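Trainee: Structure in structure tokens, see below.
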Amino acid sequence: MAVFHSNLFADAPLGTTPESSFWLDGELAGFGYDPAADQALAVLSVKVHRKPHDLAAHLRRIHSCYRNRHSAALYAALLDLSIALQGKGEALRRRILNASRLRLEPRDFQVLSALDRHDPKKLGNRYSILASGIQGSSALLAPRQAQAETSHDPLALANDFIEYSQLDQAIDVLENAVGLQPQRADLQLALLELYRSTASHERFRNAWRTFSDLAVPLVGEWQSVADYFDRQLP
């Protein structure tokens, strides 16, 4: 069990050792994301939605928001943690909230400090994941083999983005994944379908050129999609 201190999210001085690996999501590097980028935060948020009772996912999302000084997203991440805890772990929640105070708007800190007076599911902002309610067991960190098997699958992650109409992010995930796992035809086919359905002609051309330059083995459907886009030209 991790030990939490009052300076849990304190900025590390320049030249110090890197952060503990606990706070770093290994998939971000695997998908080619900079942990400071908005896309990385989107991935962490999707993970919270996929497994709302995974405490580590919540803490990594909160830490990312804090480190990147994203006040509104930090508020949402703390609110989602409170919803997932369902009244349990109050000491932990308070400790993290107090450690995050300097990066929160004063009003947001006040709201999060008084959640016992309100329904937290009605206090979300556009970054909130669980404000509309969650389903499942109230037990945190309950291991689920099926989820563990899919949590590292870029196709599953892309499908989560598609479910919430975040199509650009889904394309980002699949483009990175094709470069890393070119042997998986299912990733290429899913990416090609997204190019077609979103009419992303230019992005398709750029990706095709890049993969060809890198000698990535591509399925024959790339030519079919190229022909499709050519037929759409006036």
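Trainee: Cβ-Cβ under 6 Å, sequence separation 6+ or interchain: first residue in segment 82-98 and in the same structural domain as Phe109 (by TED's automatic domain parsing) and among the β-branched types (Val, Ile, Thr), partner assigned to a helix (DSSP H, G or I) and modelled with pLDDT under 90. Which pairs?
Mentor: Ile83/Pro120
Trainee: Follow-up question, since we're still on this one. Name the pairs: first residue in segment 36-50 and closer than 16 Å to Leu79 by Cα and assigned by TED's automatic domain parsing to the domain that holds Arg126, second residue polar (S, T, N, Q) and at pLDDT below 80, Cβ to Cβ under 9 Å, at least 6 apart or on different chains?
Mentor: Between residues of segment 36-50 that are closer than 16 Å to Leu79 by Cα and assigned by TED's automatic domain parsing to the domain that holds Arg126 and residues that are polar (S, T, N, Q) and at pLDDT below 80, the close pairs are Lys47/Ser151.
Trainee: Oh, and also: Within segment 83-107, how many residues are closer than 20 Å to Leu130 by Cβ, assigned to a helix (DSSP H, G or I) and under 22 Å from the mean Cα position of the chain (by Cα)?
Mentor: 6
The values are calculated or read from the model by the stated rules, or taken from the named source; none is laboratory data. Given the structure is predicted, the values throughout are model-derived calculations rather than measurements. Glycine gets a Cβ as well: all are built from the backbone with ideal geometry, and neighbour counts include every protein chain shown.
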